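K.L.:
Following this message is one structure expressed as structure tokens.
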Amino acid sequence: MGTPGQDSRSPDELQDLLLDSEGFSDFMLELVLIAAAGLGSGKPVLCSITVEREGFPLTVASSELDAMFLDERQYAFDNGPCLTALRQQRTVFIPELAESRNWEDYAREIASSGVRTILAVPVEAGSGTQAALNCYSREPGIMDATFISAVQAFAGSISRILRLALRFHLPALAGADLSSELRARGLVDAAVAVIMIEDKCSRAEAFAQLGRSAFSGNVRVGDRAIEVLREARRAQGME
Amino acid sequence: MDNDEDDLQLKQLRQALPLAGLTVGELWLRYFGIGGSAGQFEMEAYLHAAHALPTLERDLVAHAINERFMDLDIDFRVPYSTDIDPGKTET
């Protein structure tokens, strides 16, 4: 336990500390991707997160190598759906790539990948940085209106975590040992994101579900969160 | 507080706090760690019956103490709003 100061801490301040803490970034990013990979409700959807700083785009995380390749072809052109989502901060949806007139060059470039549908959603990532969550599918029709709104909701919910995860070189959490609480909170937030995707529900509903199952089972909320994340990993064949 | 059941939960929470050996600041950190969204000041005001918290937030404060009891191997549990009145909807 840390020694609590006289000041009253706000959840936002602490969550910012969480994002700054060393080593946590990769961990959180992995959790975010597990959640992102759950978006296709069983059908394969490739997901990635692109971050651009000072004009240099970079895929910071991808559910498969293919997704990274699909992103990188856009960087080579300095144009593409995810760069457009990121730079113009708007959702780009291409239901059938072969029929799209705006992305003919890109479509030709990635034809061998078999990707047919692309969705790119901007993620608020703090000043000086832009980010987008990208989804690619080889099967048409998976990305319906429900899917799109789920991805948008998810992009909103990972914004803060992503901002934290991006601060790679910041000093380790100084002073009080808050790490166990912060780590627990990170797990809870990640599990809530997974439940939101799986049950297509709001953040409040997902959190209530997680909390209540811990209350009624007389178990720790953090332990329930870990179970939720493990199940998601298993469902994605990651374990 | 809006009703007697909420009062009962708060009363038991206040009785449990010294038993758990936690300061209010320590309790708040634990509450935050399990997902609580109220600030320390609001939680403290709730403990003094000067501020109302939504049902789930109240249950999270109760659960933060209950997790401490799990650590200490103490069987005592502060009740949840859902135990007290299962028919009650989320506020």
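K.L.:
Report, by residue number, each residue of the stretch B:1-54 that is surrounded by fewer than 18 Cβ atoms within 10 Å (Cβ to Cβ), farther than 15 Å from B:Val78 by Cβ and acidic (Asp, Glu).
P.N.:
The answer is B:Asp2, B:Asp4, B:Glu44.
K.L.:
Starting from the stretch A:194-213, keep only residues that are without any contact (Cβ under 8 Å) to a residue 12 or more places away in the chain, then list their pairs with residues that are part of a loop (DSSP other than H, G, I, E, B) and surrounded by 15 or more Cβ atoms within 10 Å (Cβ to Cβ) whose Cβ atoms are within a distance under 8 Å, requiring at least 6 positions of separation or different chains.
P.N.:
Close Cβ pairs (under 8 Å, with a partner that is part of a loop (DSSP other than H, G, I, E, B) and surrounded by 15 or more Cβ atoms within 10 Å (Cβ to Cβ)) amount to A:Gly211/B:Ile34; A:Gly211/B:Gly35.
K.L.:
Related question: Within the stretch B:1-42, can you find the residues that are at positive phi and at the interface with another protein chain (Cβ under 7 Å from one of its Cβ atoms)?
P.N.:
B:Gly35
K.L.:
Something else now. At the interface with chain A (Cβ under 9 Å from one of its Cβ atoms), farther than 19 Å from A:Ala184 by Cβ and modelled with pLDDT of 90 or more, is that true of B:Arg58?
P.N.:
no
K.L.:
I need the full set of residues from the stretch B:35-74 which are free of Cβ contacts under 8 Å to residues at least 40 places away in the same chain and not in a helix (DSSP H, G or I), in order please.
P.N.:
B:Gly35, B:Gly36, B:Ser37, B:Ala38, B:Gly39, B:His48, B:Ala50, B:His51, B:Leu53, B:Pro54, B:Asp73
K.L.:
Consider A:Ala76 against the criteria (1) modelled with pLDDT under 85; (2) within 17 Å of the chain's Cα centre (by Cα): it satisfies all of them except one. Which criterion is unmet?
P.N.:
The failed condition is (2).
K.L.:
Still on this model: Could you count how many residues in the stretch A:103-131 are in a strand (DSSP E or B) and either modelled with pLDDT under 90 or of a type in the set (D, E, K, R) (or both)?
P.N.:
Summing the residues that are in a strand (DSSP E or B) and either modelled with pLDDT under 90 or of a type in the set (D, E, K, R) (or both) in the stretch A:103-131 gives 4.
The values are calculated or read from the model by the stated rules, or taken from the named source; none is laboratory data. If you're wondering where the values come from, they're calculated on a predicted model, not measured in any experiment. Using ideal geometry, Cβ is built from the backbone for each residue, glycine included, and neighbour counts are taken over all protein chains shown.
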